[in-house]
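The values are calculated or read from the model by the stated rules, or taken from the named source; none is laboratory data. In this text, all values refer to a predicted model and were calculated from it rather than measured experimentally. Reconstructed Cβ throughout: ideal geometry from the backbone, glycine too, with neighbour counts over all protein chains shown.
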């Protein structure tokens, strides 16, 4: 649905983005992560047809970013990291303005605006003036105008920027709902906890270079040679459990801390099931038995460690 091929953007001697190639499939929610100044917004503005590349190409829903920008604009909803509102304009008028810009016929505009207001929980703000809205409500309104022409692809640059904790949670819920509607979403953020819960894939960019892209699970497997198993027991059997784990040929480096055991594991799913059976058969009171996944923050730090150093 989104294809970027060898995208480079230079400003004189400064390289903002360097030879970036990226593919995002239909229905994916792609988290574009990196610190401020890494090149996220530059790439997003290119895909939104607002920035000419120094070299490279991009396609959105099969339409060329460089050769058919108007075609791209019809299939994307773009939410910038910073946006303005119009003084003296009511919420419904703001949305109507963008509906007219997208050439939505007058006979359909009222219905569409009502649907978008309902989706974004803004119906009660319909007749309020936009310049009087809170920051969180303005973010909702910007997302509403992004959806007014029902685009299949959403490109969202730091959509939760500047929001308070409650508004961030509400924005995350909205993005989850849009994901459920089948939208293809590219969303950038430097706050990684915002993306971990609902992204199907991620891309890590640092100093203009794309360092990794794919599902979090695939990237984690590439970063960590072995699976990490975490077992918590409910009684004083931690040392007995550790002895059983150390006896397994698929288990390495068992560590015990209070009632929690951590071990490197080399086997497959059936080996995990057999190991759990061994612990239970030995009378070990197993409270939990699971893989210890890397957090998105840990993934980011492991990927960027080399380039930062």
Revision key, fill the gap. Only one of 73, 10, 52 is free of Cβ contacts under 8 Å to residues at least 60 places away in the same chain and surrounded by fewer than 14 Cβ atoms within 10 Å (Cβ to Cβ), namely 52
**Study point:** Check on residue 102, within 25 Å of residue 59 (Cβ to Cβ), touching a residue at least 12 places away in the same chain (Cβ under 8 Å), in the same structural domain as residue 189 (by TED's automatic domain parsing) and surrounded by fewer than 18 Cβ atoms within 10 Å (Cβ to Cβ)
**Key:** yes
Check your understanding: Any residue at all in region 16-32 that is assigned by TED's automatic domain parsing to the domain that holds residue 125 and more than 17 Å from residue 213 (Cβ to Cβ)?
Key -> yes
Check your understanding: Out of (1) surrounded by 14 or more Cβ atoms within 10 Å (Cβ to Cβ); (2) modelled with pLDDT of 95 or more; (3) touching a strand residue (DSSP E or B) at 6+ places or on another chain (Cβ under 6 Å), the odd one out for residue 38 is which?
Key -> (2)
Revision key, fill the gap. For region 102-126 the number of residues that are outside any helix (DSSP H, G or I) and over 31 Å from the mean Cα position of the chain (by Cα) is 1
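Report yes if some residue within region 267-286 is modelled with pLDDT under 85, touching a helix residue (DSSP H, G or I) at 6+ places or on another chain (Cβ under 9 Å) and either assigned by TED's automatic domain parsing to the domain that holds residue 247 or in a helix (DSSP H, G or I) (or both); otherwise report no.
Yes, there is a match, as at least one residue in region 267-286 is modelled with pLDDT under 85, touching a helix residue (DSSP H, G or I) at 6+ places or on another chain (Cβ under 9 Å) and either assigned by TED's automatic domain parsing to the domain that holds residue 247 or in a helix (DSSP H, G or I) (or both).
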**Study point:** In region 48-84, the residues that are within 22 Å of the chain's Cα centre (by Cα), over 18 Å from residue 149 (Cα atoms) and not in a loop (DSSP other than H, G, I, E, B)
**Key:** 58, 59
Practice item. Need at least 3 residues that are at pLDDT 90 or above, surrounded by fewer than 21 Cβ atoms within 10 Å (Cβ to Cβ) and not assigned by TED's automatic domain parsing to the domain that holds residue 112 per element, so show me which helices (runs of 4 or more DSSP H) inside region 129-235 make the cut, counting only ones lying wholly within it. Key: none
